[in-house]
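A short write-up of the structure that comes next.
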């Protein structure tokens, strides 16, 4: 009985070791996938976007069409403007199949702080939510904490 208990404990311990790093590796891979998405969009790399975004990509930003084709159309539209500027990423948080990115983007109309959430499915970006807030004028700032 003692040998059976020891064997069961060793089996459970090895299972937890096997699952732990895999889960952490998946979270890291999901964050890298989202970072690659930002880089592909900013470098106007349509081929890369096609490889990392699902065709049935779901867009929750109401002013942007849904589907991978909408992202590709956007890239085609802005290619003439040259490469975009990578946003300054303050933090990326991954949990389960979601990756949240908190970042600053310097737009022609002024800087904005944004949080975007991506859902990953089968190693591809499947869904997207976003909220964006313009940086306020200095006269409206009431603390020194910053937006990021």
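No lab work stands behind these numbers, since they all come straight from the coordinates. Just so we're clear, the structure is a prediction, and the values are computed from it rather than from any experiment. Note that we place each Cβ from the backbone using ideal geometry, even for glycine, and neighbour counts take in every protein chain shown.
Numbers below:
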| quantity | calculated |
| --- | --- |
| Residue satisfying condition, being in contact with a strand residue (DSSP E or B) (Cβ under 9 Å, 6 or more places away or on another chain) and closer than 27 Å to residue 23 by Cβ, within set 118, 135 | 118 |
| Count of region 123-140 residues which are more than 16 Å from residue 40 (Cβ to Cβ), over 11 Å from the mean Cα position of the chain (by Cα) and exposed (fewer than 15 other Cβ atoms within 10 Å of the Cβ) | 9 |
| Among the residues listed as 120, 115, 89, the single one being under 11 Å from the mean Cα position of the chain (by Cα), closer than 23 Å to residue 26 by Cα and crowded, with 17+ Cβ neighbours inside 10 Å | 120 |
| Members of region 95-110 found to be touching a residue at least 24 places away in the same chain (Cβ under 8 Å) and surrounded by fewer than 15 Cβ atoms within 10 Å (Cβ to Cβ), listed by number | 95, 109, 110 |
